[in-house]
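Structure, as structure tokens:
The values are calculated or read from the model by the stated rules, or taken from the named source; none is laboratory data. Every value quoted in this text rests on a predicted model; they were computed, and no experiment measured them. Reconstructed Cβ throughout: ideal geometry from the backbone, glycine too, with neighbour counts over all protein chains shown.
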Amino acid sequence: MSDGPHKSLPMRRGWKKFAARADKAVFEPDQVAEAVAPALEGDWEEEVASHLNALRGVVGNGDEPSLFQHESVSELESLKRANPGNSLWCALIDNVIQAVLAGHAGRDALLAGARAALFDRAARGICQVEEHYLRRTTEARTERLRARMHKGIASAPIESLARRLVGLESPNAASRPPKREGLDDGVRL
């Protein structure tokens, strides 16, 4: 007997925990949503955090749109080419470029790009988990899992996560789901 398909999921630990919570009906929707931020944050730390200062240097900190958008777009494209195999990084760069072309600048462009890249990664994560579950379990179970994951992501604080990850909010310890240790922390009645 297996602990569940999430154990063999070829993704980072945060995604495994998110899939496990979404798969088990004992977890309330808000508890499923609590696991979204750590999953996305783990991906961000692995794929984006070490490159973020270079991106900030290109985008800048000002909020005024630049008259030289084409120069910043070409610099952003060169940042993207510097790390081509990194999907979250490439999605972030693409979304920052879209924000710059839409008239955003500085922190606003960075935040808009981060928010869109995190939503993109969340959608891709759902697809990857769903594909894995379809191979290991029934279709009905996978459909329930997908619905719970979509609800979890829809109610997750991705906006504040994006603000924190790009450095616009101070980091806090509340990003991790609370650990349940005692009997009083068990299933809600």
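Here are a few things to note about the model shown:
- When restricted to residues that are surrounded by 14 or more Cβ atoms within 10 Å (Cβ to Cβ) and either assigned to a helix (DSSP H, G or I) or touching a Ser or Thr at 6+ places or on another chain (Cβ under 6 Å) (or both), segment 133-158 contains 16.
- Checking each residue of segment 72-90 against the condition of being touching a Pro at 6+ places or on another chain (Cβ under 8 Å) and under 18 Å from LYS16 (Cβ atoms) gives no match.
- Matching residues in segment 13-52 - criterion: being within 30 Å of SER78 (Cβ to Cβ), without any contact (Cβ under 8 Å) to a residue 60 or more places away in the chain and either crowded, with 23+ Cβ neighbours inside 10 Å or under 12 Å from the mean Cα position of the chain (by Cα) (or both): GLY42, GLU45, GLU46, GLU47
- The lone exception for PRO171 - which of (1) assigned to a helix (DSSP H, G or I); (2) at pLDDT 70 or above; (3) closer than 30 Å to LEU110 by Cβ it fails: (1)
- Of residues in segment 90-127 being of a type in the set (Gly, Ala, Ser) and within 13 Å of the chain's Cα centre (by Cα), the one surrounded by the fewest Cβ atoms within 10 Å (Cβ to Cβ): ALA123
- GLU130 under 29 Å from ALA112 (Cα atoms), touching a Lys or Arg at 6+ places or on another chain (Cβ under 6 Å), without any contact (Cβ under 8 Å) to a residue 24 or more places away in the chain and surrounded by 15 or more Cβ atoms within 10 Å (Cβ to Cβ): yes
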